Amino acid sequence: MNKILLVNIEKPDQTTIAKYRERGGYKALEKALAMEPAAIIDEVKTSGLRGRGGAGFPTGMKWGFVPRNTGKPTYLLCNADESEPGTFKDRILMERDPHLLIEGMAIACFALGCHLSYIYLRGEYEFIAHTLQRALDEAYEAGILGPSVMGKDFALDLYLHLGQGAYICGEETSLIESLEGYRGYPRIKPPFPATHGFLASPTVVNNVETLCALPWIITNGAAAHAAIGTEKSKGTKLFSVSGHVNKPGVYEVDMGYPLLDFINNEAGGIPNGRMLKAVIPGGSSVPVLTAAECDGVLLDYESLLKAGSMLGSGGMIVLDDSTKMPEVLSVIADFYAHESCGQCTPCREGTGWAAKILRNLIAGKGKRTDIDLLLKIADMMEGKTICPLADADVMPIRSFVTKFRSEFEALSAN
Amino acid sequence: MIQFSEEAMRRYETILSHYPAKRAALLPVLTLAQREFGWISQEVADYLSELMGYPPSDILSVATFYTMLHKKPVGKYHMEICRNVSCWLMGTYPCVDEIKRQLKIDVGEITADGKFSWNLTECLGSCGTAPAMQVGDRYYENLTPTRIVEIIEKLANE
Ligand SMILES: Cc1cc2nc3c(=O)[nH]c(=O)nc-3n(C[C@H](O)[C@H](O)[C@H](O)COP(=O)(O)O)c2cc1C
Ligand code: SF4
Ligand code: FES
């Protein structure tokens, strides 16, 4: 198994710039600064790196959409909002190896011609803000950030910006609105952030894990990265696994690693001699898989899609055979109802309605017709809204209800 | 009339210097204001309005969007306990019951000494060390009712 992201995560004092450099840190940035920006973008394209924030969009291609010479500045925004239920992978990178993120961002900024960049960190992670700020201060002191990045005629300012509690601000256009000082209402696309993002300027939003892969790619080359993983899913991926497993935590595996091996080996299997019932492989916004459906599934974008789910953020929640699925769905539905920004009627009404029906069902006050009503609400929400949050509620509703229908029926027996 | 302390004023200037547009500083300034004044009251909105030049209603409309900006007073230690899937599976509610037993306050209430309040929140990114709660710039993880008793006792004496 290859290590690209967690190479130094367990090493002592890795958060300090001294140790980071001793272990080869900022060499990739030095190398990148000697390259043509266009060559860096090509390198990232060839590496096959895809966005780790959830959508899996090819990173090099996204950078390629950014227009040059518009007369406006270009911005790189690091999405560190990490709020997708089940996801806790970005935090380990920021807590234990903050300079890796700074180096990755500096490489991206140089490639994009960006001189001002922000890390949008969820407000709840204030304890991580301390670690990141110390690392940023060190990087400024060492001349890695500031008016001349590592002695090169290239200025870069990098600031930390804290959110204040809103899941929706992880959606990139909502993040931009929030960063501009407004309510985090997602924007209608097009125009896309690549041309009209932060302050109506060309903007790239990238996830923490995506940016942290860049130093390795620059050091080892695009071909080395493209050699890891499957035909279409390249490199390694962090999975944060929680729920009914013996060893919850964050693990880095090659793309294409078998899902069940991951649960049984990395995650240590299911505790208390229980059996696997279901897996939510990529955060609460992706369809649940039954234990039978997990057979033969690989941890990569294509295999999970083929199995009827998605890789998403890599936030894996494992459920054993004691789990009451309607209750899990109710917890999830409450989440989306709470986090809907309210701009679109189908989402605002649909998420709230579905959550209410589920609460009633669990309280024993449900009707048999509620089950089909839930599916109808899902149909009414899907594909009709400004941002994908409504669809993110549809995925669990439809998959839980259809795959575990008898449990829902048992609750509404009368 | 309330106003920022000298130190907060310096912090305010630093925040402004980080953004090419003043408006972008609003969320960090609201955060700073909450640190100074405890919560975002009408008075705070009026003050920030004067300071930054946006209508108070505009400022409050932004503040009300974000759950971490308080629209009413909270305790010195405001405990945000995760209710999402992994924490719920691992036992959020026994911990909540213990909090209620210890502090004798319900959601949204503050203890008589002003020290504690609590709320349920969404996934904190601690699902692997569930259940979890956030208190200011601290995370408490792998919670159990026994741990809750210890934490509350420690915070009460801080
Ligand atoms: C409701 C919603 C929430 C999201 N939350 C996050 C998040 O917390 N972190 C993240 O990196 N991306 C999140 N995304 C995805 C972003 O919109 C965006 O695709 C991503 O940050 C792009 O970075 P990447 O290409 O490096 O993955 C979210 C998307 C949606 C629709
Ligand atoms: S889909 Fe929901 S969260 Fe997204 S913009 Fe519409 S109302 Fe807001
Ligand atoms: S579910 Fe509680 S921290 Fe993620």
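The values are calculated or read from the model by the stated rules, or taken from the named source; none is laboratory data. Quick caveat: nothing in here was measured; it's all calculated off a predicted structure. Counting neighbours? That spans all protein chains shown, and the Cβs are built from the backbone with ideal geometry, glycine included. Note: areas computed on protein heavy atoms with side chains; ligands, DNA, RNA excluded. Shrake-Rupley method; radii C 1.70, N 1.55, O 1.52, S 1.80 Å.
The figures follow:
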| quantity | calculated |
| --- | --- |
| Convex hull projection area averaged over all views, the range A:117-215, Cα basis, nm² | 7.1 |
| Hull shadow area, averaged, the range A:268-414 [alpha-carbon convex hull, nm²] | 9.0 |
| Relative contact order (%) - criterion: Cα under 8 Å, at least six apart; region: the range A:74-186 | 28 |
| Degrees, to the nearest 10: A:345-362 long Cα axis against longest axis of chain A | 50 |
| Sum of -39500 (n - 2.57) over DSSP H runs of 4+, divided by residues of chain B (222 nm, nearest 500) | -14000 deg cm²/dmol |
| Histogram of C-alpha separations across the range A:1-119, 10 Å bin width, % | 12, 39, 39, 10, 0 |
| Residues of the range B:20-158: accessible area per residue with a 1.4 Å probe, Å² | 41 |
| Cα-based equivalent ellipsoid of the range A:300-371: semi-axis lengths in Å, sorted from largest, via gyration tensor | 25, 19, 11 |
| Contact order normalised by residue count of chain B, Cα under 8 Å, 6+ apart, percent | 19 |
| Neighbouring partner chain Cβ atoms per residue of B:9-22, average, 10 Å criterion | 2 |
| Rh (Kirkwood; distinct C-alpha pairs) - the range B:91-158, Å | 12.3 |
| Kirkwood-type radius of the range A:216-350, with distances r between different C-alpha atoms, in Å | 16.1 |
| Percent RCO, i.e. relative contact order, over chain A, from Cα pairs under 8 Å lying at least 6 residues apart | 17 |
| Carbon + sulfur, % of accessible area of chain A - ligands and nucleic acids excluded, 1.4 Å | 53 |
| Cut-off under 5 Å, modelled amide H: who pairs with residue A:160 long-range | A:119 |
| Size-normalised alpha-carbon gyration radius of the range B:45-158, reference 2.2 N^0.38 Å | 1.21 |
| Projected label distance in nm at residue A:384 and residue A:246, using a 7 Å step from Cα toward the beta-carbon | 4.8 |
| More than 18 Å apart - percent of Cα-Cα pairs taken over the range A:326-403 | 28 |
| Accessible carbon and sulfur surface of the range B:42-116 relative to its total accessible area, %, 1.4 Å | 54 |
| Rounded to 5, percent antiparallel among DSSP beta bridges of the protein assembly as shown | 45 |
| Protein heavy-atom accessible area occluded, A/B pair - total, 1.4 Å probe, Å² | 3700 |
| Cα centroid of the range B:119-141 to Cα centroid of the range A:70-97, whole Å | 19 |
| Partners for residue B:154 among lysines (Cα-Cα distance below 23 Å; same-chain residues under 8 apart left out) | B:76, B:100, B:104, B:115 |
| Intensity falloff of the range A:232-296 expressed as log10 I(q)/I(0), Debye formula with alpha-carbon point scatterers, at q = 0.24, 0.27, 0.28 Å⁻¹ | -1.19, -1.45, -1.51 |
| CD proxy at 222 nm, helix term only [per DSSP H run n ≥ 4: -39500 (n - 2.57); per residue of chain A; nearest 500] | -12000 deg cm²/dmol |
| Of every Cα-Cα pair in the protein assembly as shown, the percent that sits beyond 40 Å | 23 |
| Delta accessible area of at least 10 Å² on complex formation, residues of the range B:89-105, 1.4 Å probe, chain isolated as reference | B:89, B:90 |
| Expected-Rg normalisation [2.2 N^0.38 Å, Cα atoms] applied to the range A:189-272 | 1.48 |
| Buried on assembly, the range A:229-244 (at least 10 Å² less accessible surface than by itself, 1.4 Å probe) | A:242, A:243, A:244 |
| Cα centroid of the range A:140-154 to Cα centroid of the range A:1-23, whole Å | 22 |
